């Protein structure tokens, strides 16, 4: 799934933790909305226990672990870029947890 929200600067650890809770809330809400389709297709959305593995900010540098030739830090990017349509209401809902 791909969701596009406007730029939002995270200004500290407290805000980052709050956003992590909101992402978890978003995942639960998406599962509720697509429950019938997921059951019909025999699929499930992975739990977001480790957000950096699941949620990627396109254009952000992945700096997990040591920067080695075998596993260099790398920039995230689209293989096939979709048409970007920012969703202001989604950003507001994430910030307010009122999906």
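Scanning the range 52-99 for residues that are modelled with pLDDT under 75, over 17 Å from residue 4 (Cβ atoms) and under 15 Å from the mean Cα position of the chain (by Cα) returns 52, 53, 97. Remark: pairs (first residue in the range 1-17, at positive phi and in a helix (DSSP H, G or I); second residue surrounded by fewer than 10 Cβ atoms within 10 Å (Cβ to Cβ) and at pLDDT below 70; Cβ separation under 9 Å; 6+ apart in sequence or on different chains) are absent. Scanning the range 58-72 for residues that are within 25 Å of residue 20 (Cα to Cα), surrounded by 10 or more Cβ atoms within 10 Å (Cβ to Cβ) and out of contact with any strand residue (DSSP E or B) (no Cβ under 6 Å at 6 or more places or on another chain) turns up 58, 60, 63, 64. Pull up the range 28-44, narrow it to residues that are in contact with a helix residue (DSSP H, G or I) (Cβ under 9 Å, 6 or more places away or on another chain) and loosely packed, with under 11 Cβ neighbours inside 10 Å, then point me to the one that is modelled with the lowest pLDDT. Top of the filtered list is 44.
From the list 22, 4, the one residue that fits, being in contact with a helix residue (DSSP H, G or I) (Cβ under 6 Å, 6 or more places away or on another chain) and either surrounded by 13 or more Cβ atoms within 10 Å (Cβ to Cβ) or at pLDDT 75 or above (or both), is 22.
The values are calculated or read from the model by the stated rules, or taken from the named source; none is laboratory data. Small disclaimer: the values here were computed from a predicted structure and weren't measured. A quick note on method: Cβ atoms are made from the backbone with ideal geometry, for glycine too, and the neighbour counts reach across all protein chains shown.
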